[in-house]
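One structure is given here, and the rest of the page talks about it.
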Amino acid sequence: MEVSHRVFVVSVLLLLLASGSFSIDNFHQPFPIVEPDPGHTKLRLSREGLEAISRINTPIAAVAVIGPYRSGKSFLLNQLLSLSCYEGFGVGHMRDTKTKGIWVWGTPVEMDIDGVRTSVFYLDTEGFESVGKSNVYDDRIFALATVMSSVLIYNLPETVREADISRLSFAVELAEEFYGRVKGQDVAFEPAKLLWLIQRDFLEGKTVKEMVDEALRHVPNTDGDKNIDQVNQIRDSLAVMGDNSTAFSLPQPHLMRTKLCDLKDEELDPMYVKKREQLKELVASVIRPKIVQGKLLNGKEFVSFLEKILEALNKGEIPSTGSLVEVFNKGIVERCLKLYGDRMGKLHLPMPEQSLQDIHETSREEAMKTFDGLHFGRHHAKRSFEQLDEEIKEVQKNVFMANEYQSSRVCEALYTRCEDNMDQLQVLKLPSMAKFNAGFLQCNQSFERECIGPSKANYKQRMIKMMGKSRSLFIKEYNQRLFNWLVAFSLIMVMVGRFIIKFILVEMAAWILFIFLETYTRIFWSSESLYYNPVWHYIVSTWEAIVYNPILDLDRWAIPIGCMVALSILYWRCYGRRKHKSRWLLPMYRSHKITASDLNIMGSIVEKSALMICGDYMEDYEVMVPFHVLKAFGVQVDCVSPDKLPGDKCITAIHDSLGFELYSEFPGHLFTLNSNFDEVKAECYDALIIPGGRFTELLSVDDRVLSVVKRFADAGKPIATSCHSQLLLAAAGLLKGKKCTAFASMKPVIELAGGIWWEQPGIRSFFDITACLKDGNILSSIGWPAHAEYLKTLFESMGARIHATKTKSVLFLCGDYVEDYEFNVPFRAFQALGCKVDTVTPSKKKGETCVTAIHDDEGAQVFSEKRGHNLFITANWSDICVHDYDCLVVPGGRSPELLVMNDKAVDLVKEFAEKNRVIAGIGQGQWLLAAAGVLKGKRCASGHGTKVMVKMSGAEVEECKGCVSDGGLVTAVGWPTLPSFISELSKLLGLSFEFRM
């Protein structure tokens, strides 16, 4: 008995395993595909029905029947399939509880649709409003049938109720979300054809279409009821579906409804049989294969699609189009986020902040573009879009924080290394300016090259302060340390020459050096006076060449070399004199001449250089015009002031005639110094420039300044003065027997200094001041109105030669509040180059004036504005002919805002463009060029104030360039880029400039 019992158990287990693993043999029967959970709140998939569908390899279409409970849906499906109640779907009381949910007929109907062999499944759904179910459950059944089917038959008994219309809200929302895209684009899935099927014998003279249309008409809502509004919105959306819905009526098959399953076609109402066949034809005509994302689905793909839909519908408390969109878009969001993360993860940090921002924007745009090309839905996709955007922002935040951390770490290491190097250079055993400058330059270059990212600006400020402090400290102690070292060295060499090698020349040279150092300081009371002596400069040059040069760093090799020298002396003491006798000489070193590159390690080597002595309340034009014009033609201009360091500022003064007895003075802009007065060496420069202004009164009693001026005079180098700066020449004693001119109030000073006063004849106003007087190396002018001749004479004195095929003509188009420097600097520059230069404005005549404006960076968000000099109009508007000019220049400031409102000014710019003349704009001047349409298709430089206007005019803004030349157009950001602007414009006009040796 025990054995037989075991055999029985094993047999049962095998049978159970076999039943779970074998496939269904008979598919000619209905199968459940979706079943309710025990609480009738959510849905789940059924294996039998899915297996029936999965086996199909051809494209699938589905016909689903929905409607109220006990409305004849199952009977209708059997009729469409030509099946009896006993063969097909169960009808009425014949269905038990396991048939709840959605059922499918296991054997599809094979049809040829538009040349595609298609398997058509028929779906039976559980009816609405049955006992023991929630409305949410009915909604899920309706939603699932809507999404699954190709044809949705809405089976309604007798008439269309308001509740029947309301149930369509999900279908309407689904259609608007997924099917409302542009034709030709991929969609999530195509909509089901909605077939209103009304089971009614009499329509009271109306067609079924008219009956449905009447039911879908707006419900009057005079009281503004929100519920009625919502119902009417559903009606509007159903109307928008248009051809996607149709209506059909079907009479009752027989009066004895409980006997229908037992009746044959001959016993049914003939009208019903006729209409049933018409319904079959209608369904066959509208059915289409199921398409998802532009692709026909086979059985397995349809099942996978169904799993996604069911997950979405079960997600919330009620079926939601938004939940469907989220399910379909979830993978796309993850893919796009991965695309962005991979791009950002490949970056090598740190990197410049703008570059990182550009890469982020490019990567984000690529991710968003990918999402736009792949996402499902139209309205609810916004949530997925926002989710992707938020996650990208989170990744971006982490990357930017990592970049900032890496940047801070790298820059901190570089800063610490440079700080240590500067500390080491402060305590050199042998003081060497050349070695300090080399270390200084190396630190700056390594920091600029290797410190990148968002922390660079902060660390750069710290570097500038630290390096400036180290440099000032080294310079402050350099001369004194060198003096002490040379005194000690001379005494040591006296002892070496007298007692060790007994070489009289060495001893004599050491004594001469010692006596010079000691006696000079005592005669002139201080060692500071020694530092201006040429002999001291020669000693320093020799010392620098010996201590530090490309071949030898004596500070590093001092001890090894000292040992070698000691051994050599020992050898000489013992054997040298006998072997070499008096022919032996001590090694000599070639002296090193200091060049401009020695003086300014951070600068670039130039063919010519000039020194400009500055101070507070110097005349604004008289410093700005020569500074920018000389730089435009390759001259290095070093600007210094006593007791001020590079980076410090000097305030300038505007001197102009406003009709009073004496010129007026207004505050100008803040001029930035770029060199150290204490490091000035006259032999490194080719000219000295001293602008006018009240600062000369202060500097005329400064011995340091007068010493520099005298050194330039002793070397015969040009000294250019204007207005009041001749006072320094008088204080330095350089005017005796020299012809000189200046502002008229300077006449007594010049004559008392022994100079010969010269005055330009015929001066009635500032407009008439044009001359510059040269006597030897002294250049003098009355003031800034003579800048054209002043610059020309200065260039000639420095050995310049100007080449031009012919005399060029330049026209400046201005108005009140034109930018002072953007007009006057190029105006005077081209006058100095020999060009015919005119100024014109539409509303003023020749001889009248326009007020200018000075725009300066004083630390606010935008530039400040102050009143500038007056400019003179040199030509009448009516006399202007484009053929007379080679170039039109439009300076910036606020005058272009005035000129764009004047058709004459705009037309003049257009005419210059039509005649292919050179056109140039500075700063806000591009406003007028944009209005005239000359910027379209051109590359331009632009500041923040004109960038929008320039881009809108069709130009391409080159962000990182201060001046851009494109064909016959030259544009510049503003007056700080005037050197590049003048240089580029000169090239276009065929003007060349060179210095003779």
Having 3 or more residues that are more than 26 Å from the chain's Cα centre (by Cα) is the bar; report the helices (runs of 4 or more DSSP H) wholly within the stretch 888-973 that clear it.
-> 895-899, 903-914
Sort out which residues of the stretch 973-984 are aliphatic (A, V, I, L, M) and either under 22 Å from LYS947 (Cβ atoms) or in contact with a Ser or Thr (Cβ under 6 Å, 6 or more places away or on another chain) (or both), and write them in order of number.
-> VAL973, LEU978
Any chance the stretch 613-623 includes a residue that's farther than 30 Å from MET433 by Cβ, open to solvent by less than 50 Å² (accessible area, probe 1.4 Å), hydrophobic (A, V, I, L, M, F, W, C) and modelled with pLDDT of 90 or more?
-> no
Looking at the stretch 74-87, is at least one residue over 60 Å from the mean Cα position of the chain (by Cα), modelled with pLDDT under 85 and on the phi > 0 side of the Ramachandran plot?
-> yes
Does any residue in the stretch 131-158 that is part of a loop (DSSP other than H, G, I, E, B) come within less than 6 Å, Cβ to Cβ, of a residue that is surrounded by fewer than 22 Cβ atoms within 10 Å (Cβ to Cβ) and modelled with pLDDT under 80 six or more places away or on a different chain, and which pairs are these?
-> LYS133/HIS40; GLU158/ARG200
Could you look through the stretch 678-711, keep only residues that are over 19 Å from LYS644 (Cα atoms) and touching a Pro at 6+ places or on another chain (Cβ under 8 Å), and pick out the one that is most open to solvent (accessible area, probe 1.4 Å)?
-> ASP686
Within the group VAL909, VAL890, which residue is in contact (Cβ under 8 Å) with a residue 40 or more places away in the chain, farther than 29 Å from ALA653 by Cα, of a type outside the set (S, T, N, Q) and open to solvent by less than 10 Å² (accessible area, probe 1.4 Å)?
-> VAL909
Restricting the stretch 398-425 to residues that are in contact with a helix residue (DSSP H, G or I) (Cβ under 6 Å, 6 or more places away or on another chain) and among the polar types (S, T, N, Q), which is most open to solvent (accessible area, probe 1.4 Å)?
-> ASN421
Among the residues of the stretch 751-777, which ones are assigned to a strand (DSSP E or B) and buried (at least 21 other Cβ atoms within 10 Å of the Cβ)?
-> CYS772, LEU773
Of all residues in the stretch 209-225 being open to solvent by less than 60 Å² (accessible area, probe 1.4 Å) and of a type outside the set (Val, Ile, Thr), which is farthest from ARG161 (Cα to Cα)?
-> GLY224
Among the residues of the stretch 791-826 satisfying the criterion of being outside any strand (DSSP E or B) and touching a Ser or Thr at 6+ places or on another chain (Cβ under 7 Å), which is most open to solvent (accessible area, probe 1.4 Å)?
-> TYR817
Residue in the stretch 273-286 that is among the basic types (Lys, Arg), crowded, with 16+ Cβ neighbours inside 10 Å and not in a helix (DSSP H, G or I) present = no
Restrict the check to the stretch 726-744 and report whether at least one residue is surrounded by 19 or more Cβ atoms within 10 Å (Cβ to Cβ), modelled with pLDDT of 85 or more, within 18 Å of MET612 (Cα to Cα) and not hydrophobic (A, V, I, L, M, F, W, C).
-> yes
Of all residues making up the stretch 466-520, the number that are polar (S, T, N, Q), surrounded by fewer than 18 Cβ atoms within 10 Å (Cβ to Cβ) and either farther than 30 Å from LEU441 by Cα or in contact with a strand residue (DSSP E or B) (Cβ under 6 Å, 6 or more places away or on another chain) (or both) | 1
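The values are calculated or read from the model by the stated rules, or taken from the named source; none is laboratory data. Computed from a prediction, not measured in an experiment: that's the story for all the values here. Backbone-built Cβ (ideal geometry, glycine too); neighbour counts: all protein chains shown. These accessible areas exclude ligands, DNA and RNA; they are computed on the full protein's heavy atoms, side chains included. Shrake-Rupley method; radii C 1.70, N 1.55, O 1.52, S 1.80 Å.
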